[in-house]
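As structure tokens, the structure follows; a few thoughts come after it.
The values are calculated or read from the model by the stated rules, or taken from the named source; none is laboratory data. Bear in mind that the values here come from a model prediction, so they are computed numbers and not experimental data. FYI the Cβ positions are ideal-geometry reconstructions off the backbone, even for glycines, and counts take in every protein chain you see. The area values use the complete protein model at the heavy-atom level, side chains included, leaving out ligands, DNA and RNA. Shrake-Rupley method; radii C 1.70, N 1.55, O 1.52, S 1.80 Å.
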Amino acid sequence: MQENAIIRAVTSIDVARAAGVSQSAVSRAFSPGSSISARTKQKVLAAAASLGYRPNRIPAIMLSGRSYMVGVVIGGLENPFYATALERLATALQESGLQVLLMHVDDALTLDSALDRLVSYRIDAIVTSLAIGSKSVVQALSQLRLPVVCFNSSHVGPWISTVNSNNHGAGLVAAHLLGQRGVQRPLWLAGPVRNSASRARGKGFCQGLRVAGLAPALTRMQGNDTYDSGYDAIACLRKQGIRPDGIFSSNDMMACGAIDALRECMDLQCPRDVVIMGYDNIPQAAWRSYDLTSFDQHTEHMVARAMELLDEALGTKDSPLSRTYIVDAQLIERGSTGSGQ
């Protein structure tokens, strides 16, 4: 037996011979959106599987000028909401025949820090669950002439679209619900200042409190979207001698921390002493220890809208698409606001 024998890679010609089709039919079978009958494609895929063939994408990229690769920028995966959104987004992209280039950034609020790395790859588009943090980044991204789809971003521009939860509207609903529960000392537990979604929720909440005549009694605390910051905010209130009877938290992670701090630091129970609600409807919100009223952003709807924007943008390659979709958040009432009590 000869040692160090060179093993020849299986080519599209080999697949074509095995399937009894032309080489161009093999190419079409592995090209998303190409015209090919289901019967021919099935024959090609069966032959390819039997031979262990893997298509070389480079020639198609050179001919079409497209890589069919989408840069997906993520951050903040300590929040289960982002993990769920990422899973659904990646699945939707792959089902559309697009490849995912995953890039993680430390800043869970903006994709600013990923910009330099993104431009070094040959990608067809950028999709991110993070918001664009500044107008200067909008300008830099627009100059790339690449379709960009964001979630919950207040900044858009040429080539840049966003799919947003109805954050302001949810804030109004939160204020109305707390008013119905007889709250007199409301607390707004905000996310980071740079978080545009949190700012919109806060504006809606404050507007709703003004309508209910509760705005003068409002206490504001700043968190950073984490469990610990929610816990620490309540511990700080205890030191200040402030006792809220109703809380709207910018996200569920902080709300869970607040509930534990209310029990441990102030000996208060929900909803007997304090009613509380969050945002995102993460799995922990339904845990019996929290039973947290929350707003569901419907990530499945947001991802579907993002894919529509992406399909349209990729179909009009030279047109700077820029749109904003708003998806209503659904109030999920649980025991923390007295539902069913």
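A few comments on the model shown:
- For the range 256-275, the tally of residues that are touching a residue at least 12 places away in the same chain (Cβ under 8 Å) and outside any helix (DSSP H, G or I) stands at 6.
- Residues of the range 286-301 include at least one that is of a type in the set (A, V, I, L, M), under 20 Å from Asp232 (Cβ atoms) and over 16 Å from the mean Cα position of the chain (by Cα).
- Exactly one residue among Val156, Val211 is open to solvent by 50 Å² or more (accessible area, probe 1.4 Å) and not assigned by TED's automatic domain parsing to the domain that holds Met307, and that residue is Val211.
- Exactly one residue out of Leu314, Leu310 is farther than 19 Å from Gly171 by Cβ, assigned to a helix (DSSP H, G or I) and open to solvent by 10 Å² or more (accessible area, probe 1.4 Å), and it is Leu314.
- Checklist (1) open to solvent by 40 Å² or more (accessible area, probe 1.4 Å); (2) within 28 Å of Leu89 (Cα to Cα) applied to Arg243, failing item: (2)
- Flag for Pro55 being at pLDDT below 80, touching a Phe, Trp or Tyr at 6+ places or on another chain (Cβ under 9 Å) and of a type outside the set (S, T, N, Q): yes
- Search result, residues across the range 276-306 that are open to solvent by 10 Å² or more (accessible area, probe 1.4 Å) and assigned to a strand (DSSP E or B): Asp296
- Filter result (among the aliphatic types (A, V, I, L, M) and assigned to a helix (DSSP H, G or I)) within the range 139-163: Ala140, Leu141, Leu144
- Conditions (1) in a loop (DSSP other than H, G, I, E, B); (2) open to solvent by 60 Å² or more (accessible area, probe 1.4 Å); (3) not basic (Lys, Arg); number of the one not met by Ile326: (1)
- Within the range 266-275, the set of residues being touching a Leu at 6+ places or on another chain (Cβ under 9 Å) and crowded, with 16+ Cβ neighbours inside 10 Å comprises Met266, Leu268, Cys270, Val274, Val275.
- Of all residues in the range 30-43, those that are of a type outside the set (A, V, I, L, M, F, W, C) have Cβ atoms under 6 Å from Cβ atoms of residues that are modelled with pLDDT under 90 and open to solvent by 50 Å² or more (accessible area, probe 1.4 Å), 6 or more apart or on another chain, in Ser34/Arg28.
- Among (1) assigned to a loop (DSSP other than H, G, I, E, B); (2) open to solvent by less than 20 Å² (accessible area, probe 1.4 Å), the one test that Leu177 misses: (1)
- Unique match (being assigned to a strand (DSSP E or B) and in contact (Cβ under 8 Å) with a residue 40 or more places away in the chain) among Leu237, Leu189: Leu189
- Only residues that are among the charged types (D, E, K, R) and open to solvent by less than 10 Å² (accessible area, probe 1.4 Å) were counted in the range 180-208, giving 0.
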